[in-house]
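In what follows, a structure is listed as structure tokens, so that the remarks can point back to it.
The values are calculated or read from the model by the stated rules, or taken from the named source; none is laboratory data. Just so we're clear, the structure is a prediction, and the values are computed from it rather than from any experiment. Note that we place each Cβ from the backbone using ideal geometry, even for glycine, and neighbour counts take in every protein chain shown.
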């Protein structure tokens, strides 16, 4: 069973991306977002190398070509039980996914990187596909600060939930804005027509949000009355014991008193389990 699973996983690990070629491609248009891409590719290459090496060694051990180490034995057990090996976890963003769902997400991440490499800066980004989504958001602020000649330490951003569900809905003329896809609302529902928080359906634990626009603004102009400052977490674990897991705060409009949603523990998630 594990041998066939290994072969299946090996087929889904992409070749290492040549960072030097990627840097050459972007050298005429070096922006803060391009730097984020380079850092992301570096981390993704490391993950794919670790996966490739460990899984090939496990294959050799299962075929009796080399002896089992403690680490290989552990990887074997985790794969057998459909879980992500601990070694891989230490090189990947926080996740609660099973092995199968994680491999699928791993493929989606690779596709997003490839799109970014070949097409340049993306109009729509899925933050769950990034190792360090905070760096991407920081780069958006840097670009806005340069463009508008704002001091970087006096820049923040707010969010606006659009009515667009996917890239096909987005107006082709839209330029220079950052749209985020793939955020999930927990603890409340979202009324797309009335553009506000509503009570959660009893049958629905989480709701996929429409595309969300990131809008940089000078800190002294930042005023979001009637908007819930909604924490955005990587997984449904929210924060771990070290306080890690909070990515940013989104602003969601509410017709109800904000305390109602705070008591309900409303949040947004980058990942479903």
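Would you be able to say whether some residue in the stretch 121-131 is at pLDDT below 95 and out of contact with any helix residue (DSSP H, G or I) (no Cβ under 6 Å at 6 or more places or on another chain)?
Yes, the stretch 121-131 contains a residue that is at pLDDT below 95 and out of contact with any helix residue (DSSP H, G or I) (no Cβ under 6 Å at 6 or more places or on another chain).
Could you please let me know if residue 158 is at pLDDT below 95, closer than 22 Å to residue 233 by Cα and not in a loop (DSSP other than H, G, I, E, B)?
It is true that residue 158 is at pLDDT below 95, closer than 22 Å to residue 233 by Cα and not in a loop (DSSP other than H, G, I, E, B).
Go through (1) surrounded by fewer than 18 Cβ atoms within 10 Å (Cβ to Cβ); (2) in contact (Cβ under 8 Å) with a residue 40 or more places away in the chain; (3) not in a loop (DSSP other than H, G, I, E, B) for residue 262 and report which single condition fails.
With (1) surrounded by fewer than 18 Cβ atoms within 10 Å (Cβ to Cβ); (2) in contact (Cβ under 8 Å) with a residue 40 or more places away in the chain; (3) not in a loop (DSSP other than H, G, I, E, B) applied to residue 262, the lone miss is (2).
Please return the ranges of helices (runs of 4 or more DSSP H) entirely within the stretch 1-111 where 3 or more residues are surrounded by fewer than 17 Cβ atoms within 10 Å (Cβ to Cβ) and touching a residue at least 12 places away in the same chain (Cβ under 8 Å).
Helices (runs of 4 or more DSSP H) meeting the threshold: 2-12, 19-26, 32-62, 70-80.
Answer yes if at least one residue in the stretch 134-156 is under 26 Å from residue 193 (Cβ atoms), buried (at least 19 other Cβ atoms within 10 Å of the Cβ) and in contact with a helix residue (DSSP H, G or I) (Cβ under 9 Å, 6 or more places away or on another chain), and no otherwise.
no
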